[in-house]
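Written below as structure tokens is the structure these notes are about.
We did not get these values from a lab; they are worked out from the coordinates using the rules stated. If you're wondering where the values come from, they're calculated on a predicted model, not measured in any experiment. Neighbour counts run over all protein chains shown; Cβ positions are idealised from the backbone, glycine included.
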Amino acid sequence: MADRHMMRLGAATFIALVGVGSLMTLSARTGLVQILVLATLITLAQLIAVPAPSGDRVFLGVGMAAATPLLLGSGIGMPDLYGTSAVTAFGLAGAWIVSVARTGERRRARTRFVSEAIAMVLFVVAFFGIEYLLLGSGALLDVVILGSVAGGAMAWYLGRATANALIGLEEHQLDVRYVWLLALEDWPVALSLFASGALLGLAWPQMGGWSIAAALLPYAFTHLAFMRYDLTRTTYRQMIRALARIPEVADLTPDGHAVRTAKLATSVGRELGLNPEEVEELEYAALMHDIGRVTLNEPAIIRAGYTSDDIARWGAQIISEAPYLERAADMVRQQYAPYRQPGVEKDESLPIPSKIIKITSEYDRGVHDRGLPPIEALEQLHRGSAYEYDPSIIASLRRVLVHHGVVAA
């Protein structure tokens, strides 16, 4: 149902863009040829994606859209709202056509297209709203330009994050707040694109073609930095996943247990409202929560005996060798602690991620190691909710499983 709604919303957005672009062209001060050229540049720029801190992609069309109003007169105090609107609308519509032709109408592509369209509309509205307001107040042209670009960029930034969250709500996602916070992490990419676009738009009247080099050269270094950052994060995550496989390869834990636990734990963390940084740390901790079991290959340890707390402590010591993972190590260290003691309502010092790891790991072991049906594995967790398993985390896990159709509502 949600997928069908998104198809309709994507089609409606495309038709609206073409219609608005056509109407705006009739009233634009800019000629049709110039509008189509600039729209084509936005379309081409939208095909180039920049890896963002959120793990999503931001497209270079944002920078070209930021340059458009300045190229069409705003840079000299003669704004062309209609021309800019036509360029932006046609550019986005063209990008959608090319995207569908290249990759097909995928669900993620539709979501991005709709959120980008909403954000771009807000950019144009905010840009010209602030520009007309400042021009009417007699502000200096430099102040007008700076205020318009900054206000438009902020509208785009917040609008894109809100659109992603609202689309998530339409798709019945459990982690709408998480989606919104995650989109807000993309501000460094947005800042660099808007700054480069504004530089191009302002420099063009004085430098002509050289303004392209002036804008693209500094941005190229920034783009490479984002690419390297994305590659580093990917490599880092792959290394952690490889480390998490060691206990499984040694037949100390069930095969695939770490990845399944991490996937379930991050879903629960998002559902509970953890912020993106906490969810990322939870993922790392969940992947490596059994890493301490590698010590069980040592005969001296087997002879001396050990407890679950010992395994958690040894795992935390291994993980904490990487200072960046200190908080993940702390989550692993406390993963077996009961959420409350007799006579105490709840241990507030126990991190929520530790309680999530404990419950999701035990659920996965129940299903894949002991062969229990999902509902029975949940029931066993409920039986231990007096002291061992936090009922609020169990309730969140149940909502996640219901959402994914694993258990009935």
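General observations
- The helix-based estimate of mean residue ellipticity at 222 nm for the chain, built from -39,500 (n - 2.57) per DSSP H run of four or more residues and divided by its residue count, is -23500 deg cm²/dmol to the nearest 500.
- Fewest neighbouring Cβ atoms within 10 Å first, the residues W180, W96 line up as W180, W96.
- Overall, the anisotropy analysis places segment 346-409 in the prolate class: the square-rooted eigenvalues a ≥ b ≥ c of its C-alpha gyration tensor yield a/c not less than 1.5, with a/b exceeding b/c.
- When +1 charges are put on Lys and Arg Cβ atoms and -1 charges on Asp and Glu Cβ atoms, the dipole computed for the chain relative to its Cα centre reaches about 920 debye.
- Annotation for S27 and L216: the two label points, set 7 Å from Cα along the Cα-Cβ direction, are 3.5 nm apart.
- D390, D142 arranged by Cβ crowding within 10 Å, fewest neighbours leading: D142, D390
- Amide H within-cut-off set for F59, under 5 Å, with H built and near neighbours excluded: V50
- Proxy reagent accessibility, fewest Cβ within 10 Å first, across I394, I97: I97, I394
- Helix 391-403 vs. the chain, principal-axis angle (Cα, 0 to 90°, nearest 10): 60 degrees
- Shape call, the chain: gyration tensor on alpha carbons, a/c limit 1.5: prolate
- Tensor-based shape of segment 245-403 (alpha-carbon gyration tensor, a/c under 1.5 rounded, otherwise prolate or oblate): rounded
- Label-point separation in nm, E321 to Y387, each point 7 Å along Cα→Cβ: 3.5 nm
- Computed from label points 7 Å out along Cα-Cβ, the spacing between A16 and A109 is 2.1 nm.
- Using the Cβ-Cβ distance between A101 and R177 with R0 set to 41 Å, the FRET efficiency from 1/(1 + (r/R0)^6) comes to roughly 0.70.
- Stretch gain in nm, segment Q380-V125, where the contour uses 0.36 nm per residue and the Cα spacing is subtracted: 86.3 nm
- In order along segment 273-278, phi translates into HN-Hα couplings of x, 5, 7, x, 5, 5 Hz, rounded to whole numbers, per the Karplus curve 6.51 cos²θ - 1.76 cosθ + 1.60 with θ = phi - 60° and x for Gly and Pro.
- Long-range Cα-Cα pairs in segment 2-217 (distance over 30 Å), rounded percent: 19 percent
- Multiplying the residue separation of L231 and A409 by 0.36 nm and subtracting their alpha-carbon distance yields 60.1 nm.
- Normalised contact order of the chain, rounded percent, pairs of Cα under 8 Å and 6 or more residues apart: 12 percent
- In a fully extended conformation the segment linking L224 and T40 would gain 63.8 nm over its present Cα-Cα distance, using 0.36 nm per residue.
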